[in-house]
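Data block below; observations after.
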Amino acid sequence: MKSKISIILMIFILICFVDCGTKETQNDAISEKSKTPHAEIQYTIINEEKLESIKTMIDIRLESEVNKDTLIKIANELKRDGRSNFQRIFINYYLPEMEVGKGAWALSHFNPDLEVDIIGLSKNEKAELLEKTSSYEGNTIGRWLDYSVGIFTISKNADNLKIYKKYSDGSESVENLLEKMVNGQKHWIEENNTFGEYYLLNNDGSLSIYDTEGLVMTMKRVK
């Protein structure tokens, strides 16, 4: 009889132990989730380089364009998150389609006071440029966006190719394009180009610009 009571008591203690452990694990998970940074503002830290307590340089990937107030919130959040001891904090922001190291969309630096600068196109500026470049003479082959420059449009009228460049400041330029096959690739070269630059249409629809040194930049196709 005593043996049965002992067994029942041990089972009861084991159940309580497992149940309590599960609750503690769940509470820890909830607590950890609540501590997750930038829950409201979606961004990802791509890279960070620290130099003792002198400075830290951070590359950030944003999900989409944000306003200046949001960049201030992100910068202050990053500083509070274990970086208050640095004399200077340099933050570069990139949008999803932008290549790191090829020019940031925005900057926010503590040097030592916070300075914020949106270099590329804002959401409204982008929409305005897209509207202004929605129709050109001839059949449009494609439009491509570079946030630091503007929108590039290539159109074909009969046998004549043209590239239209609508810049972020509202100005525009138009150039004739020459088509040349190089190693089985179709290169588009501006008629008056003297720097060896050419455009290459990629399989994914993006447009790359090359010069004699290699790839300059790649632009995402837009509708």
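The values are calculated or read from the model by the stated rules, or taken from the named source; none is laboratory data. Because the structure is a prediction, the values reported are computed rather than measured. Ideal geometry is used to build each Cβ from the backbone, glycine not excepted, and the neighbour counts take in all protein chains shown.
Scanning the range 140-152 for residues that are in a strand (DSSP E or B) and either of a type outside the set (D, E, K, R) or more than 24 Å from residue 102 (Cβ to Cβ) (or both) gives 140, 141, 142, 144, 145, 150, 151, 152. Taking the condition at pLDDT 90 or above, closer than 25 Å to residue 145 by Cα and among the acidic types (Asp, Glu), does residue 69 pass? So residue 69 passes the test.
I need the full set of residues from the range 87-99 which are over 8 Å from the mean Cα position of the chain (by Cα), surrounded by fewer than 18 Cβ atoms within 10 Å (Cβ to Cβ) and closer than 16 Å to residue 45 by Cβ, in order please. Within the range 87-99, just 90 meets the criteria. Only residues that are outside any strand (DSSP E or B), surrounded by 12 or more Cβ atoms within 10 Å (Cβ to Cβ) and over 21 Å from the mean Cα position of the chain (by Cα) were counted across the range 173-222, and they come to 2. Within the range 96-115, the residues that satisfy the criterion of being within 25 Å of residue 219 (Cα to Cα) and touching a strand residue (DSSP E or B) at 6+ places or on another chain (Cβ under 6 Å) are 97, 100, 102, 104, 105, 106, 107, 108. Looking across the range 75-103, the residues that are modelled with pLDDT of 95 or more and among the β-branched types (Val, Ile, Thr) come down to 89, 91. (1) of a type outside the set (Phe, Trp, Tyr); (2) at pLDDT 85 or above; (3) closer than 27 Å to residue 104 by Cα: which one isn't true of residue 134, the others all being true? Status for residue 134: all satisfied but (2).
For the range 120-139, the criterion of a residue being in a strand (DSSP E or B), in the same structural domain as residue 173 (by TED's automatic domain parsing), within 30 Å of residue 164 (Cα to Cα) and of a type outside the set (Val, Ile, Thr) is satisfied by at least one position.
Restricting attention to the range 157-172, the residues that are surrounded by 11 or more Cβ atoms within 10 Å (Cβ to Cβ) and closer than 21 Å to residue 126 by Cβ total 8. Only one of the numbered conditions (1) touching a residue at least 12 places away in the same chain (Cβ under 8 Å); (2) part of a strand (DSSP E or B); (3) under 27 Å from residue 58 (Cα atoms) is violated by residue 112, and that is (2). Test residue 60 against the stated conditions and say whether it is more than 15 Å from the chain's Cα centre (by Cα), surrounded by 18 or more Cβ atoms within 10 Å (Cβ to Cβ) and in contact (Cβ under 8 Å) with a residue 24 or more places away in the chain. No, not satisfied.
The set of residues in the range 51-78 being touching a strand residue (DSSP E or B) at 6+ places or on another chain (Cβ under 8 Å), farther than 15 Å from residue 92 by Cβ and either part of a strand (DSSP E or B) or among the hydrophobic types (A, V, I, L, M, F, W, C) (or both) consists of 54, 72.
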